[in-house]
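Notes for the one structure printed next.
The values are calculated or read from the model by the stated rules, or taken from the named source; none is laboratory data. Note that the structure is predicted; figures quoted are calculated from it, not measured. Here the Cβ positions follow ideal geometry from the backbone for every residue, glycine too, while neighbour counts run over all protein chains shown. SASA here: full protein model, heavy atoms, side chains in, ligands and nucleic acids out. Shrake-Rupley method; radii C 1.70, N 1.55, O 1.52, S 1.80 Å.
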Amino acid sequence: MSPLTSSTPQKRLPKLPSLEQAEFICHWNAKLTASEPEEILRWALDSYAPKLTMATALGNSGCVILSILARLETKIPIFNLDTGYQFPETLELLERINRQYGLNIHRETPELSVEEYELKNGGAVYLTDSNRCCYERKICMLEQIALHYDAWISGLRRDQSPTRANTPVVGWDAKFGLVKIAPLAFWTGKQVWKKIITESIPYNPLLDQGYTSIGCAPCTRPTLPGEDERAGRWAGQAKTECGLHLVNQSLSSSEL
Ligand code: SF4
């Protein structure tokens, strides 16, 4: 059985940083909180490359970070967790960004294709157990990938949703045992859009069609005026995160 496709979600013990790691994270989180994203990314590269990676779903924040990484001419591995359920627009954007910026965003795919997975499970798992589907199509892959790295970059921002309101610039991801760097943690959605427009950064065309956060097609809908950016994800369910960025397994510097 494949380790990437056969496991079911289990409660795992948080992985704690060493005292030395915790002090390093606290120090740099305090120091970088008011820094520009480029400075934060330079620090991340100096501190962790080549054991540094980035996971991206090609959201607008991710696209901004990718444009900066391209300018820094880094060769760190960047990957997209391709569940098989992503929108075609997302996959086209990935190819466009790779071409335009000379990046090599790699599509990590589960061992079973969507057809094989649904056949094995008697239908679409996202309809009956979205936590299991996210775990088996997405989180399992990151658990394997995380074993090879010390730190990862994400596009999380504090203003995206209440569950992300305490995102640190440099924190500890207790779920995957990695330092987690969020260069846009203190940016607003407006700042991100301004940068995208000013610098003609490619973005997902679905963002012009009422979507404000884009994940897998079956679990994403456009948002309504006044809803938070992530309200269209798993709408109608209590679920707000796929499990990559669970807040109760991320420790900010005040908790370290
Ligand atoms: S977002 Fe939906 S389709 Fe994608 S992995 Fe999670 S449950 Fe499955």
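Checked against a 27 Å cut-off, the cross-linked pairs K31/K195; K51/K194; K15/K51; K31/K175 give Cα-Cα distances beyond that limit for K51/K194. When all protein chains stay in place and ligands, DNA and RNA are ignored, the 1.4 Å accessible-area order of K51, K190, K195, largest first, is K190, K51, K195. Rounded to whole numbers, the Karplus 3J(HN,Hα) couplings from phi for the range 216-223 are 6, 4, x, 10, 10, 10, x, 9 Hz, using 6.51 cos²θ - 1.76 cosθ + 1.60 with θ = phi - 60°, and x at Gly and Pro. Mind jotting down the distance between the C-alpha centroids of the range 215-230 and the range 119-169, whole Å? Centre-to-centre (Cα) distance: 17 Å.
Give me the percent relative contact order of the chain, please, defined on Cα pairs under 8 angstrom at least 6 residues apart. Working shown, then result.
Details: 403 pairs, mean separation 67.5, N = 256.
With pairs under 8 Å counted, the relative contact order is 26 percent.
Averaged per residue, the chain has 48 square angstrom of accessible surface, using a 1.4 angstrom probe with ligands and nucleic acids left out.
Each Cα pair under 8 Å and six or more residues apart adds its sequence gap; the mean of these over the residue count of the range 1-146 is a relative contact order of 32 percent. Potential lengthening of the chain between L91 and L119 amounts to 7.7 nm, from the contour at 0.36 nm per residue minus the alpha-carbon distance.
Each residue was assigned an accessible area with a 1.4 Å probe, and for T223 the value is about 30 Å².
Stick to the Cα atoms of the chain, pair each with every other, and give me the Kirkwood hydrodynamic radius in Å at one decimal. Let's see the in-between values first.
Numbers: mean 1/r = 0.0536 Å⁻¹.
With all distinct Cα pairs of the chain included, I get 18.7 Å.
Between S35, P218, Y85, the Cα set farthest toward the positive side of the dipole of the chain (charges on each charged residue's Cβ, about the Cα centre) is that of S35. Summarising the label geometry, the points placed 7 Å from Cα in the beta-carbon direction at K194 and R132 lie 4.7 nm from one another. For the range 137-193, the square roots of the Cα gyration tensor eigenvalues, ordered a ≥ b ≥ c, give a/c of at least 1.5 with a/b greater than b/c, which places it in the prolate category. With R₀ set to 25 Å, the beta-carbon distance separating K15 from A70 gives a calculated FRET efficiency near 0.20. Counted residue by residue at 0.36 nm each, then reduced by the alpha carbon distance between them, the extension gain from E39 to A22 reaches 4.0 nm.
Using a 10 angstrom cutoff on alpha carbons, build the Gaussian network for the chain and name the most mobile of A174, A185, A217. Of A174, A185, A217, the Gaussian network model singles out A217 as fluctuating most. For the range 178-189, the Karplus equation 6.51 cos²θ - 1.76 cosθ + 1.60, evaluated at θ = phi - 60°, returns couplings of 10, 6, 10, 10, 10, x, 10, 3, 9, 7, 9, x Hz by residue, with Gly and Pro reported as x.
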